[in-house]
Amino acid sequence: MPLSGEEPLFDRAARQASAPAGRLRAVVTGGAGFIGSHLCEELLCRGYAVHAVDDLSTGRVANLAAVATHPALRLGVASVAEADVADRVCVDADVVFHLAGVVGVQRLAAEPLDVVQRNLRCNEAMLTAAARHGVPILLASSSEVYGDGPVPFREQDPVRPGVTEGPRGGYACAKAMSEWLAFGHAARSGLPVVVARLFNTVGPRQSGQHGMVLPRFVAQALRGDPITVYGSGEQTRCFAHVREVARALADLAEARGVAGRVFNVGSEQETTVADLAAVVRERAGCGAPIVRVPLASVFPAGFVDPVRRRPCLQRLRRAIGWVPSASLPAIVDELLALGRAGGLPDVDAACVRSRAN
Ligand code: UDP
């Protein structure tokens, strides 16, 4: 029977009573990734025993450096796209946060088949394993499912992955399909499931290697390179700090009235990409020029760059009292300081220092 939406994802008190040493066991797939590593830290702070699982295709062991010696953290290097791995990680879990997946628009543009197949495979494997073991699962989905629909995007809006002849919609469709798989398992076996549709998330440990705009702009500004605004620059995004997003994911798993539902997770402060470039340049205090790069020169023909993206957060606010507080300039300042100190994946601090001297 589908869950009514009145239930929490899992009964923490009951699970805790039977957990070893009273510590709830959380699995975080993609646990060495950008968002996953912050979520591991958040869950460790809340007293969970955390099993991070990552195939290290884009995740980095270094992302977990701050908690590497924590006695309640275990990192397993494996791909949850393999059914036996997915099965093994679910056996002893009280709750699963399934974040593993392939992201990045540049990857999607270059390898659309790989991106669609890998996302579908790992989602199907994890959902099947979670259903087999009856383990509650929070599935990370994406704002991409809304495509270029009218903002603000509401959870009950129809998904709009786009045309099949264009490469971008495949990722959105794989995410939407995974949501249907999750709710299909909920209907068939009563699998407790919550879907979190993540909007643009930024912060420490994010790499711009596969497209993500803010780490690219920050690295460009620190190097004194041109800041590359694609297209008109009038397209908008809302950027949430990764630590706040991690907190929201943990809160969602622990909140009442969430099972069987979808939640937008992100910021609703809408910024144009041109304004983002201006903020980065201003906070960096550098003279880096801002240049316009035609979309056609970075993406293949037919690649759609959504014009606006903004979530409605009413449902999330009701469930967890979500009030993100990190402002964009504050996030940019944090990243610039990290970059100067050698703490960003794309920035060579020695090169930044030699520029400053
Ligand atoms: N973008 C840009 N310059 C870059 C990288 C990205 O102007 O060097 C733009 C991109 O075209 C998009 C926005 O920034 O409009 C956000 O891109 P990102 O890849 O971070 O996320 P998504 O498109 O998935 O929201």
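Values in this text are rule-based calculations from the coordinates and carry no lab data. All of these numbers come straight from a predicted model, not from anything done at the bench. Quick reminder, even Gly has a Cβ in these numbers, built from the backbone with ideal geometry, and neighbours come from all protein chains shown.
The table for this structure:
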{"quantity": "The range 199-220 residues near the modelled Cys45 label - backbone nitrogen below 14 Å, point 7 Å along Cα→Cβ", "calculated": "204"}
{"quantity": "The range 29-123 - percent relative contact order, Cα under 8 Å, separation 6 or more", "calculated": "29 percent"}
{"quantity": "Linear extension gain, Ala296 paired with Thr272, 0.36 nm per residue minus alpha-carbon span", "calculated": "6.7 nm"}
{"quantity": "The range 287-357 and the range 143-163: distance between their alpha carbon centers, rounded to Å", "calculated": "22 Å"}
{"quantity": "Rough spin-label spacing in nm, given labels placed 7 Å along Cα→Cβ, for His70 and Asp114", "calculated": "3.1 nm"}
{"quantity": "Of Val53, Val332, Val293, the one that fluctuates the most in a GNM where the chain has Cα springs shorter than 10 Å", "calculated": "Val293"}
{"quantity": "Cα gyration tensor shape of the range 280-357, rounded if a/c is under 1.5, else prolate or oblate by comparing a/b with b/c", "calculated": "oblate"}
{"quantity": "The chain, dipole about Cα centre (Lys/Arg Cβ +1, Asp/Glu Cβ -1), debye to the nearest 20", "calculated": "420 debye"}
{"quantity": "Taking only Cα atoms of the chain, radius of gyration then Dmax in Å", "calculated": "19.9, 66"}
{"quantity": "The range 219-340: C-alpha gyration tensor shape, a/c 1.5 cut-off, then a/b vs b/c", "calculated": "oblate"}
{"quantity": "Part-to-part distance (alpha-carbon centres) for the range 40-102 and the range 197-266, which is given in Å", "calculated": "21 Å"}
{"quantity": "Efficiency of FRET from Cβ geometry, Asp148 and Glu254, R₀ 45 Å, rounded to 0.05", "calculated": "0.85"}
{"quantity": "Within the chain, helix-based [θ] at 222 nm, where runs of 4 or more DSSP H residues each add -39,500 (n - 2.57), nearest 500", "calculated": "-12500 deg cm²/dmol"}
{"quantity": "Mean Cα-pair separation over length for the range 190-258, i.e. relative contact order, pairs under 8 Å, 6 or more apart, %", "calculated": "43 percent"}
{"quantity": "Positive-end residue of Val245, Gln235, Ala259, charge dipole of the range 206-357 with Cβ unit charges", "calculated": "Ala259"}
{"quantity": "Label-to-label distance, nm, for residues given as Ala19 and Ser232 (7 Å Cα→Cβ offset)", "calculated": "4.9 nm"}
{"quantity": "Local electrostatic count at Ala125 - Lys and Arg +1, Asp and Glu -1, tallied over other residues with Cβ under 10 Å", "calculated": "-3"}
{"quantity": "Residue with peak Gaussian network fluctuation, the chain [Cα springs, cutoff 10 Å], from Glu124, Glu234, Glu41", "calculated": "Glu234"}
{"quantity": "Mean separation of Cα contacts under 8 Å (6+ apart) over length of the chain, as relative contact order %", "calculated": "20 percent"}
{"quantity": "Exposure proxy ranking, count of Cβ atoms within 10 Å, fewest first, for Phe303, Phe97", "calculated": "Phe303, Phe97"}
{"quantity": "Alpha carbon Rg of the range 101-180, scaled by the compact-globule rule 2.2 N^0.38 Å", "calculated": "1.14"}
{"quantity": "Residue of Cys312, Cys45, Cys173 that the Gaussian network model of the chain assigns the largest fluctuation, springs spanning Cα pairs under 10 Å", "calculated": "Cys45"}
{"quantity": "Neighbourhood net charge (11 Å Cβ-Cβ; Lys/Arg +1, Asp/Glu -1) for Ala83", "calculated": "-1"}
{"quantity": "Three-way shape call for the range 1-132 based on the alpha-carbon gyration tensor, with the a/c threshold at 1.5", "calculated": "oblate"}
{"quantity": "Size of electric dipole in the range 253-322: Cβ of Lys, Arg +1 and of Asp, Glu -1, about Cα centre, debye, nearest 20", "calculated": "320 debye"}
